[in-house]
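The values are calculated or read from the model by the stated rules, or taken from the named source; none is laboratory data. Everything quoted here is computed from the prediction, not taken from an experiment. Heads up, the Cβs are rebuilt from the backbone with ideal geometry, glycines too, and the neighbour counts pull from every protein chain shown. Quick note on the areas: whole protein, heavy atoms, side chains included, nothing else; ligands and nucleic acids left out. Shrake-Rupley method; radii C 1.70, N 1.55, O 1.52, S 1.80 Å.
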Amino acid sequence: METQLEMFETNLESVRTAVTRTSPAAFQETLADVVDRPTVGAPLPFEEVTLEGLDIVLEPTPDQLREAACGVTAAALGVADYGSVVLESTPAGAELAGLFPDRHVIVVRERDLVPDMASAFERLGERFRAGSDDAVIATGPSATADMGELVYGVHGPRETHAVIVEA
Amino acid sequence: MASERSRKADRIRHVMETEGDSVERNARGFNEGRYESVARLEDYDAYKDRARAIKEDAIERLPELIEQVREAVEENGGTVYVADDAADANRYVRELARERAAETVVKSKSMTTEEIDLNEHLEAEGCDVWETDLGEFVLQVADEAPSHLVAPAIHQSREEIATLFNEYFEPEAELETAEELTAFAREYLGERIEDADIGVTGANFVTADTGTMALVTSEGNARKTVAVPDTHVAVAGVEKIVPTFEDLQPFVELIARSGTGQDITSYVSLFSPPVSTPPVDFDDDEPIADDPADRDFHLVLLDNGRMDMRDDDQLRETLYCIRCSACANSCANFQSVGGHVFGGETYSGGIATGWEAGVHGQESADEFNDLCTGCSRCVNQCPVKIDIPWINTVVRDRRNRGAEDGELDFLVEGLTPDEEPAGLDLQKRFFGNFSTLAKLGSATAPVSNWVADTLPSRALMERVIGVDRRRDLPRFERETFVEWFRNRDEPRPVDADYHAVVYPDLYTNYIRTDRGKATVRTLEALGVAVEVPEVASSGRAPLSQGMIATAGDHARDVVADLGPYLEAGYDVVAIEPSDLAMFRGEYERLLETDRYEALSERSYEVFEYVYGLLENGADPASLRDADDGRGVGSALAYHSHCQQRTLELEAYTTDVLERLGYDVLTSDVECCGMAGSFGYKSEYYELSVDVGDRLREQFEAPDAADRTVVASGTSCLEQLDGLLARRPRHPISLVAPEESE
Ligand code: SF4
């Protein structure tokens, strides 16, 4: 039987999202390998890992946002059967860092995986009722077929990469 | 009339030539994708049921939910404005733009703002308005209206967009590939977004309990439109409200699959604005997060006729529509001509008529409502189970009733014993009263056949009632099926377990009597005691002309004629799938419940019935199998009929044929393109042939070219007969035992 984590990984790949598994200890090293420079990001709302100390601009100016090749932000949930991640915006601009640069690196914890959309919506319902004001269920890179063929990377990122933190 | 018809034909031909290829490629791609994607979804049917139930409930409680949305949004810090109509909504948004001295407004795709022409109003206020969805952007540059609900520029090819952009923007290097075009648009629109003072979006759904809007997109433009400017205006029809946040889930599972065949789009954005992302001022060089998130949000809920639709028993279902476009993508005619021929002012495709009648009024729905042939292929594709053809029929009926007095009515006096208003179009009247014509034609055959075939009468028919002379006319039999049965001298089975009436539909009774006779022989060989009484015609013909009252008369007559048989325990076997579909479907709308149920529960399609008999132990040895098919061969190419497939009956025919040793290849195009009277009408003849061409191609492909062609529906048989060199046959003619002479 495929585990939930394996299912998530398989589905991420099928929606054109690269996957790297890592541990809290190896996190910063892993991340340094997968980002493109210059990088912007938003502080991760997690205890076990942080972006502090990496060469990542956590409080970008509009110009830095525009010039960044890569953005690193956290996912609140991972939806295993779709390969989707739930991105929430923060006053520090997580939404923007995951939207403007060409490459989006998403940090998702294994413990935040849910099996399917129904469970995701249950969790999200609780959050929204408690006052949460937005969430984007993102699946793969941004895409359009409006120019006659499928092209990735329109207003949003062209490449997506999920870094899954185990344990 | 005649010149109006030829103008219409010209326009259809022109659009087929200029936009047909792109529309066909894209719509068929989406359509195939849908079949694959919904097949992967476990519990697809359960999701549809839930989606439907949520919508029924939401529309039922709409006034209360609107108030709930207002409370939730205000509690979040936003504002709700319920706009009565387009003018009211536009005024509100214009005033906002004026207050904010907005110079640049960016928009994320929204059909609702198209419905009210918001762009024009904002431009009149002096705003630069930019569509950020690439498809909408193309249309904005080309100054065209959307031709599709989901992919508005579906009719444009990459080459056409490249030419358009190169001419309009004169870029330094000529744009050519889809990548280059996309990169250019991203860059160009990126700058507009950076400058924007207001972001306008629609909403796919709005939840009443949390005041959340769901936006389903792929490009990311909606996210930027909401995030970058500090003012966000969302314009949504009131029907977009669902009661709870969790109600979004079935729609998230269904909407992309139904529309474009993706399991999910890249982004499902859930916003309860004002959102906490800091707005971005690109003229500033301080860190973005330093700006306090001072955001302004306005939700404009648009009525514009929707509350009246809610009170309208026939149009109400339109409000359940989630605008996924599945009905358009699965529509054979839409695949050929797209929304620029199909729709009204804004909306296009199957359900467009309902929307246009509701929001822009009957006139906007009038023009091309005829392109819905009532084939019903869209019905099972709709994720909220809307009976789209019925809505089209209702709108057609209302149009008929608003018709002015015609001029040539004296010509068809006596041929039109109908319930329709005097001004009803002659062509409609002719096709709608086909039963009377068939009776007369049969009584005077073969003279009537000969007269109908002569050149002067074809010219007259074309000019006066618009029957295209390129189409062969049905040939009436002198002896009707009913008469043949009455005059026949065959021993009846005694002590039969099954008693059945073979329904003598119009075509079987007057024109294709052979298939009626073959049905009788088949059923008798399987031990059924058969009757073929005189029964009224089903009403399909008037219904397809939008003559609902006349169809209702037919329905009552049918039930009266069949009543005694049903009471005596007879089943009803229908040969023509579209008539069976009347009994099982439309009769529910035309008759009182108990009358409808008695017939609907006991009527069967002929192969469904044969299948049932075989399953219950009847011996197939009495039927003719593939080996003694009189030179037919054992390889068949089978085209089922639209309504037969909608009722999920196709498998019975293929199963029975396979049991009898045939190797059956089935067609997978949506429709043969003929659909009853449609293909006879001179203004639609070429469209009908264009649609039929897809079926022809499939049956001329190497794996089918040598197979005997079989089809279940009368119109399919006639279309195939016109398109192929081989003569198509009704499957019952292969199965029935030889005549005993
Ligand atoms: S009527 Fe049904 S299939 Fe057509 S767009 Fe609306 S929801 Fe989709």
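The condition (being assigned to a strand (DSSP E or B) and more than 14 Å from chain B (Cβ to nearest Cβ)) is satisfied by just one residue among A:THR20, A:THR30, A:THR50: A:THR20.
Among the candidates A:PRO141, A:PRO115, the residue that is surrounded by fewer than 19 Cβ atoms within 10 Å (Cβ to Cβ) and within 19 Å of B:VAL252 (Cα to Cα) is uniquely A:PRO115. Taking the listed residues A:LEU99, A:LEU54, the one that is at pLDDT below 95 and in contact with a helix residue (DSSP H, G or I) (Cβ under 7 Å, 6 or more places away or on another chain) is A:LEU54, with no other qualifying.
Annotation: of all residues in segment B:162-182 being in contact with an Asp or Glu (Cβ under 7 Å, 6 or more places away or on another chain) and under 15 Å from B:GLY135 (Cα atoms), the one that is nearest to the other protein chains (Cβ to nearest Cβ) is B:ALA178.
For the residues B:ALA332, B:ALA365, B:ALA357, the requirement of being at pLDDT below 90, buried (at least 24 other Cβ atoms within 10 Å of the Cβ), away from the ligand (no atom under 11 Å from the Cβ) and not aromatic (Phe, Trp, Tyr) singles out B:ALA365. Of the residues making up segment B:245-264, none is basic (Lys, Arg), more than 16 Å from the ligand (Cβ to nearest atom) and touching a Ser or Thr at 6+ places or on another chain (Cβ under 8 Å).
So, in segment B:635-666, of the ones that are touching a strand residue (DSSP E or B) at 6+ places or on another chain (Cβ under 6 Å) and assigned to a loop (DSSP other than H, G, I, E, B), which residue ends up farthest from B:GLY692 (Cα to Cα)? Here the residue is B:TYR662.
Check whether at least one residue in segment B:214-224 is part of a strand (DSSP E or B), closer than 30 Å to B:VAL38 by Cβ and within 16 Å of the ligand (Cβ to nearest atom), and report yes or no. Yes, segment B:214-224 contains at least one residue that is part of a strand (DSSP E or B), closer than 30 Å to B:VAL38 by Cβ and within 16 Å of the ligand (Cβ to nearest atom). Return the residues of segment A:47-76 that are among the small types (Gly, Ala, Ser) and within 12 Å of A:PRO101 (Cα to Cα); say none if nothing qualifies. Of everything in segment A:47-76, those that are among the small types (Gly, Ala, Ser) and within 12 Å of A:PRO101 (Cα to Cα) turn out to be A:ALA68, A:ALA69, A:GLY71. Checking B:PRO292, B:PRO278 one by one, the residue that is at pLDDT 90 or above, over 17 Å from the mean Cα position of the chain (by Cα) and within 14 Å of chain A (Cβ to nearest Cβ) is B:PRO278 and no other.
Picking from residues in segment B:311-325 that are more than 10 Å from the ligand (Cβ to nearest atom) and assigned to a loop (DSSP other than H, G, I, E, B), the one that is least open to solvent (accessible area, probe 1.4 Å) is B:LEU315. Annotation note: Cβ proximity below 8 Å between a residue of segment B:130-144 that is within 12 Å of B:LEU164 (Cβ to Cβ) and a residue that is modelled with pLDDT of 95 or more and open to solvent by less than 10 Å² (accessible area, probe 1.4 Å) (sequence gap 6+ or interchain) occurs for B:PHE137/B:GLU131; B:PHE137/B:ALA185; B:PHE137/B:LEU189; B:VAL138/B:ILE161; B:LEU139/B:GLU131; B:GLN140/B:GLU131; B:VAL141/B:PHE165.
Going through (1) facing chain B (nearest Cβ under 8 Å); (2) in contact with a helix residue (DSSP H, G or I) (Cβ under 7 Å, 6 or more places away or on another chain); (3) open to solvent by 30 Å² or more (accessible area, probe 1.4 Å) one by one, A:GLY93 falls short only on (3). Within the set B:VAL359, B:VAL280, B:VAL337, the sole residue that is farther than 28 Å from B:ARG377 by Cβ and among the β-branched types (Val, Ile, Thr) turns out to be B:VAL280.
Here's the yes/no breakdown for (1) closer than 30 Å to A:GLU126 by Cβ; (2) more than 11 Å from the chain's Cα centre (by Cα):
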{"site": "A:PRO38", "(1), (2)": "no, yes"}
{"site": "A:PRO45", "(1), (2)": "yes, yes"}
{"site": "A:ASP63", "(1), (2)": "no, yes"}
{"site": "A:GLU67", "(1), (2)": "no, yes"}
{"site": "A:GLY71", "(1), (2)": "yes, no"}
{"site": "A:LEU87", "(1), (2)": "yes, no"}
{"site": "A:ALA94", "(1), (2)": "yes, no"}
{"site": "A:PRO101", "(1), (2)": "no, yes"}
{"site": "A:ARG109", "(1), (2)": "yes, no"}
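Once segment B:383-418 is narrowed to residues that are touching a Lys or Arg at 6+ places or on another chain (Cβ under 8 Å) and at pLDDT 75 or above, the residue that is farthest from the ligand (Cβ to nearest atom) is B:ASN400. Residues in segment B:120-168 that are in a helix (DSSP H, G or I) and among the aliphatic types (A, V, I, L, M): B:LEU122, B:ALA124, B:LEU134, B:VAL138, B:LEU139, B:VAL141, B:ALA142, B:ILE161, B:ALA162, B:LEU164. Residues that are open to solvent by 20 Å² or more (accessible area, probe 1.4 Å), among the aliphatic types (A, V, I, L, M) and either in contact with a Cys (Cβ under 8 Å, 6 or more places away or on another chain) or under 19 Å from B:VAL226 (Cα atoms) (or both) within segment B:287-310 comprise B:ALA289, B:ALA293, listed in sequence order.
The single condition from (1) within 8 Å of another protein chain (Cβ to nearest Cβ); (2) within 28 Å of B:ALA183 (Cβ to Cβ); (3) open to solvent by less than 40 Å² (accessible area, probe 1.4 Å) that A:GLU149 fails is (3).
Would you confirm, using the coordinates I've provided, whether B:ASP284 is open to solvent by 10 Å² or more (accessible area, probe 1.4 Å), more than 10 Å from every other protein chain (Cβ to nearest Cβ), free of Cβ contacts under 8 Å to residues at least 24 places away in the same chain and not in a helix (DSSP H, G or I)? Judged against the criteria, B:ASP284 is not a match. Of the helices (runs of 4 or more DSSP H) that lie entirely inside segment B:469-584, those containing 2 or more residues that are crowded, with 18+ Cβ neighbours inside 10 Å and among the basic types (Lys, Arg) span B:513-525. Taking segment B:371-395 on its own, how many of its residues are open to solvent by 20 Å² or more (accessible area, probe 1.4 Å) and in a helix (DSSP H, G or I)? Count: 2. Against the list (1) of a type in the set (Gly, Ala, Ser); (2) at the interface with chain B (Cβ under 7 Å from one of its Cβ atoms); (3) surrounded by 23 or more Cβ atoms within 10 Å (Cβ to Cβ), the condition A:GLY125 fails is (3).
In the condition set (1) assigned to a helix (DSSP H, G or I); (2) surrounded by fewer than 21 Cβ atoms within 10 Å (Cβ to Cβ), B:LEU687 is compliant with all but (2). Take B:SER348 and decide whether it is within 14 Å of the ligand (Cβ to nearest atom), polar (S, T, N, Q), at positive phi and under 12 Å from the mean Cα position of the chain (by Cα). Considered against the rule, which asks whether it is within 14 Å of the ligand (Cβ to nearest atom), polar (S, T, N, Q), at positive phi and under 12 Å from the mean Cα position of the chain (by Cα), B:SER348 comes out as no. A search for C-beta distances below 8 Å between a residue of segment B:216-244 that is open to solvent by 10 Å² or more (accessible area, probe 1.4 Å) and at pLDDT below 95 and any residue that is among the hydroxyl-bearing types (Ser, Thr, Tyr) and assigned to a helix (DSSP H, G or I), counting only pairs 6+ apart in sequence or on different chains, returns nothing. With respect to the conditions (1) within 11 Å of chain A (Cβ to nearest Cβ); (2) among the charged types (D, E, K, R); (3) part of a helix (DSSP H, G or I); (4) within 16 Å of the ligand (Cβ to nearest atom), B:GLU114 lacks only one, and its number is (1).
Counting residues in segment B:231-240 that are among the charged types (D, E, K, R) and within 12 Å of another protein chain (Cβ to nearest Cβ) gives zero.
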